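Here the structure is laid out as structure tokens; the discussion comes afterwards.
The values are calculated or read from the model by the stated rules, or taken from the named source; none is laboratory data. Quick caveat, the model's predicted, so the values are computed rather than measured. So basically every Cβ, Gly included, is an ideal-geometry build from the backbone, and we count neighbours across all protein chains shown. These area figures cover heavy atoms from the full protein model, side chains too; ligands, DNA and RNA do not enter into them. Shrake-Rupley method; radii C 1.70, N 1.55, O 1.52, S 1.80 Å.
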Amino acid sequence: MSGRVCVSILQRASSCTLPLPSSQYTHLETFPSSQPRPTHKRYFSSRGAFRADQLGSRLEDSLGNGSLSGRRLSTRQDLDFHLNQVQINSILRLNEQAVSVPEFDGRGLSTVRKFESNQLAANTPNEDRRSAATCLQSKGMLFGVFDGHGGWACAQAVSERLLYYAAVAMMPKQSLEELERCVEHGRPVPPILQWYKHHSDFNYRESASLYIDHLRVFWQELLDSEDHGEGMSPPDALDHAFKRLDGDISLEAQVPLSNDLMKSTAIQVAFAGCTASVAHIGTEGIHVANTGDCRVVLGVQEEDGSWSALPLSQDHNSQNKAEVDRIKALHPSSEKDTVITDDRLLGVLMPLRAFGDVRFKWSHELQQSILAGLESGVDLDSLNLYQYTPPNYLTPPYLDVAPDITYHKLRPKDRFLILGTDGLWDELSSEEAVRLVGEHLSGIHLQAPVSPSERQLKLGQMHELLLKRRARASPAPDTNAATHLIRRALGTGEYGELCHERLASMLALPEDLARMYRDDITATVVYLNSNLARPRHN
């Protein structure tokens with residue numbers, strides 16, 4: 001598509017706003033020139049907003065002559081922003097998932113009525129993952145979202161394994177004994193989880209035996225514990241699961257494994273990283289375990305029909321003062337100015353808690369020893385990203401996985417739960433997301449009365465207010481609430497309207513440019529059976 005046509009499309013969208021490109025090369029001076037430099041957004045990012053008619057000039061700066069460090073980049077001739085509505089819908093709905101949960105599963109009433117989920121990639125391949133499963137040997141359902149950085153390897157492994165660790169920890173001793181007997185005698189093992197997979201989901205098949213072996217070691221240790229009894233409570237199980245899995249990821253990268261492919265996978269999982277939010281939904285309430293900057297928000301419908309957002313997690317990033325203070329307190333006062341710089345851990349990593357990321361946990365000597373000891377069959381080129389030491393790396397570990405765990409007792413007015421990776425929250429506030437899902441659920445778009453101050457607005461300002469109020473009342477084109485969130489996150493214009501040109505521009509960016517303007521987005525909306533929370537009268 002010619003630059004002239006491209007610009008004309010963007011000029012028609014002049015009332016829409018687009019995010020500024022994320023700088024992949026900010027603060028590179030913190031790394032010696034002889035060392036490879038990571039460019040993933042988790043390490044370097046800047047965001048903002050600008051009008052759609054500015055995208056052409058921004059892209060000119062980004063595209064340059066079509067090459068950077070020898071890597072082929074898109075040129076103006078590669079861009080085609082003219083997506084029609086059918087194409088937009090096809091892209092947005094590609095990874096949709098909708099699951100209705102039986103009201104009664106043979107063991108009791110389900111707190112979850114249904115859930116809807118979706119993903120939209122910016123990275124190639126997508127570095128986000130999601131999980132959902134029913135606990136078959138204990139009670140409740142587990143939902144998780146996982147945001148990878150430094151590649152998708154760690155998020156993939158954690159999404160496959162973490163729910164198993166949590167479910168096993170909640171199982172009573174009697175059930176664990178049956179698991180162990182089945183494995184010992186080669187009998188089929190009773191299923192631990194009922195998974196709800198999207199057809200595009202996959203597992204690390206080459207590492208399955210390793211993962212099962214380490215899960216077995218975990219349940220054997222639980223069996224040896226005298227106080228395991230009826231199993232751990234959900235908060236204890238989630239805490240143990242996060243810490244134990246991260247420990248296993250670290251261990252697997254250090255020990256000899258049966259083949260080069262398995263070893264290479266273990267190294268990539270450990271040196272990459274991911275944040276995670278997991279919710280266990282039981283009959284009485286919700287437990288949320290969070291490490292990093294994914295987020296879980298409860299949608300509450302007030303008595304007047306309005307919607308409010310109740311956060312069930314806190315972001316672990318530099319905007320969280322308590323988290324910054326916690327990390328600084330773990331290191332000598334001489335490092336107070338270097339532990340977190342430029343809003344990043346050691347000036348590099350944005351989330352302040354994560355799975356994997358052993359380069360922020362292991363000693364420098366251990367890292368060098370492990371990488372130097374890799375056999376020739378391991379693809380070292382794929383590990384080039386990890387061949388550097390963060391600046392001011394003096395007193396490791398600087399990073400841990402310990403989750404913050406919150407509990408919320410369910411009430412009749414608690415209607416749904418939103419789990420999202422930070423790509424969603426970069427574009428929407430918690431309040432906006434809850435309002436969007438709430439109005440999508442009820443079909444009612446509440447408008448506050450015009451306030452006395454608004455009645456004093458000038459004609460132009462009143463016109464703008466009316467445009468915003470009209471935009472809120474527009475019908476949603478998606479039946480899936482997660483898709484509705486993603487569409488609104490990327491396509492909302494200046495007045496709150498759904499801007500087709502803005503959405504088309506964001507979805508049509510080539511692979512090498514998309515990540516500069518948006519992040520991978522994962523959203524899961526869980527609808528709650530609020531009737532279970534109503535008082536029972538005898």
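Once region 146-292 is represented by equal point scatterers at the alpha-carbon sites, with solvent omitted, what log10 I(q)/I(0) does the Debye formula produce at q = 0.12, 0.14 Å⁻¹?
Rounded to two decimals, the profile gives -0.52, -0.72.
In whole angstrom, and with the biggest value first, how far do the Cα coordinates of region 77-167 range along each principal axis?
So the extents along the principal axes, rounded to whole Å, are 59, 32, 11.
On the principal axes of its Cα set, how long, how wide and how thick is region 198-252? Give whole Å, largest value first.
39, 24, 18
With every protein chain left in place and a probe of 1.4 Å, what is the accessible surface of Glu365, to the nearest 10 Å²?
In the full protein context, Glu365 sits at about 130 Å².
Whole number please: convex hull volume per residue, Cα atoms of region 160-213, in Å³.
98
Stretch His199-Thr395 to full length: gain in nm at 0.36 nm per residue minus the Cα-Cα span?
Full extension of this stretch gives 66.1 nm more.
Report Met232's accessible area, 1.4 Å probe, all protein chains in place, as a number in Å² to the nearest 10.
40
Can you tell me the alpha carbon radius of gyration of region 227-314 divided by the globular rule-of-thumb value 2.2 N^0.38 Å? Don't jump to the answer; show the numbers that get you there.
On the way: Rg = 18.4 Å, N = 88, 2.2 N^0.38 = 12.1 Å.
For region 227-314, the normalised Cα radius of gyration comes out at 1.52.
For region 226-270, what Kirkwood radius comes out of the mean inverse Cα-Cα distance, in Å?
Details: mean 1/r = 0.0819 Å⁻¹.
Radius from the Kirkwood sum: 12.2 Å.
Where nothing but the Cβ of Lys and Arg (+1) and of Asp and Glu (-1) is charged, how large is the charge dipole of region 217-330 around its Cα centre, in debye to the nearest 20?
600
I need the peptides 388-398, 497-507 ranked by packing, meaning the mean over residues of other C-beta atoms within 10 angstrom, with the highest value on top.
Per-residue Cβ counts within 10 Å, averaged per peptide and sorted highest first, yield 497-507, 388-398.
Give the accessible area for His484 in Å² (nearest 10); use a 1.4 Å probe, count only protein heavy atoms, and leave out ligands, DNA and RNA.
20
Can you work out the FRET efficiency for the pair His82 and Lys328, with r the C-beta to C-beta distance and R0 = 41 Å, to the nearest 0.05?
So, using R0 = 41 Å, E works out to roughly 0.20.
Going from most exposed to least, what order do Arg205, Arg295 have by accessible area with a 1.4 Å probe?
Sorted descending by solvent-accessible area, the residues read Arg205, Arg295.
Carbon and sulfur atoms: what percent of the 1.4 Å accessible area of region 89-191 do they account for?
Whole-percent figure for carbon plus sulfur exposure: 54.
Please enumerate, by chain and number, the aspartates and glutamates with C-alpha under 13 Å from the C-alpha of Lys197, excluding those fewer than 8 residues away in the same chain.
Glu96, Glu116, Glu160
Once fully extended, how much extra length lies between His185 and Ser369, figured as 0.36 nm per residue of separation less the alpha-carbon to alpha-carbon distance?
Computed gain between His185 and Ser369 is 62.3 nm.
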